[in-house]
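Here the structure comes first, spelled out in structure tokens, and everything after it is commentary.
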Amino acid sequence: MNEYMKIANDLALDNLKTNYGGPFGACVVKNGKIIGKGSNHVLCDNDPTAHAEIIAIRNACKNINSYDLSDCELYTSCFPCPMCLSAIIWANIKNVYYGNTKEDASKIGFRDDFIYNYIKNINNSNEDTLKLICMDRNETIKTFNKFEEKNDKTIY
């Protein structure tokens, strides 16, 4: 087994004992060195965003004092959910190695497919799931316009 995948899997396995969250673990690697680790902490933190990949990314960013992980790889015990995929993309990670598949996660009760399908059909989404209502854009756009005019802005 790959050494980094073993660490991700060991983190997932530890959650079976702690019950901190689901059986998920992840680590971020830069130049052959682990710079961030995480396991799912949804239950212990009462935080639906505390997925292993998110925690590993936060840990890595803190450890290297940067929001940019473009020179890093992520090893995760399972194919990332839509939220985690988004975080991975925002962090500029280009290579993700995963163990279990989306289908494996579904088989043990995780509903990622529901979210994938929702996003795929966002223009025809079921309002019983989520209502997305645009309001007051004529005012909120003014802040965006001011940002666009800034000379010292940082795009990430």
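Consider G32 carefully, then state whether it is open to solvent by less than 10 Å² (accessible area, probe 1.4 Å) and within 23 Å of N92 (Cα to Cα). Even if it seems obvious, please write down each step before you answer.
Values: open to solvent by less than 10 Å² (accessible area, probe 1.4 Å): no; within 23 Å of N92 (Cα to Cα): yes.
Taking the combined requirement at face value, the residue does not satisfy it.
Each residue in the stretch 118-145 was checked for being more than 27 Å from E73 (Cα to Cα), part of a helix (DSSP H, G or I) and out of contact with any Ser or Thr (no Cβ under 9 Å at 6 or more places or on another chain), and 12 of them qualify. Considering only residues in the stretch 104-116 that are part of a helix (DSSP H, G or I) and among the small types (G, A, S), the one that is surrounded by the fewest Cβ atoms within 10 Å (Cβ to Cβ) turns out to be S106.
Conditions tested, residue by residue: (1) in contact with a Leu (Cβ under 6 Å, 6 or more places away or on another chain); (2) more than 26 Å from C81 (Cβ to Cβ); (3) surrounded by 10 or more Cβ atoms within 10 Å (Cβ to Cβ); (4) aromatic (F, W, Y).
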| residue | (1), (2), (3), (4) |
| --- | --- |
| K102 | no, no, yes, no |
| Y118 | no, no, yes, yes |
| N123 | no, no, no, no |
| I133 | no, no, no, no |
| K142 | no, yes, yes, no |
| E148 | no, yes, no, no |
| D152 | no, yes, no, no |
| Y156 | no, no, no, yes |
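Does I35 fit the bill of being among the β-branched types (V, I, T) and within 18 Å of L11 (Cβ to Cβ)? When the stated conditions are applied, I35 passes them. Filtered by the rule that a residue be farther than 25 Å from Y20 by Cα, of a type in the set (A, V, I, L, M, F, W, C) and open to solvent by 50 Å² or more (accessible area, probe 1.4 Å), the stretch 46-95 gives I64, I89, W90. Inside the stretch 63-95, residues that are part of a helix (DSSP H, G or I) and either touching a Gly at 6+ places or on another chain (Cβ under 8 Å) or in contact (Cβ under 8 Å) with a residue 40 or more places away in the chain (or both) make up a count of 2.
The values are calculated or read from the model by the stated rules, or taken from the named source; none is laboratory data. Fair warning: this is a prediction, and the values are worked out from it, not measured in the lab. Cβ sites come from the backbone with ideal geometry, for glycine too, and all protein chains shown count toward neighbours. The area values use the complete protein model at the heavy-atom level, side chains included, leaving out ligands, DNA and RNA. Shrake-Rupley method; radii C 1.70, N 1.55, O 1.52, S 1.80 Å.
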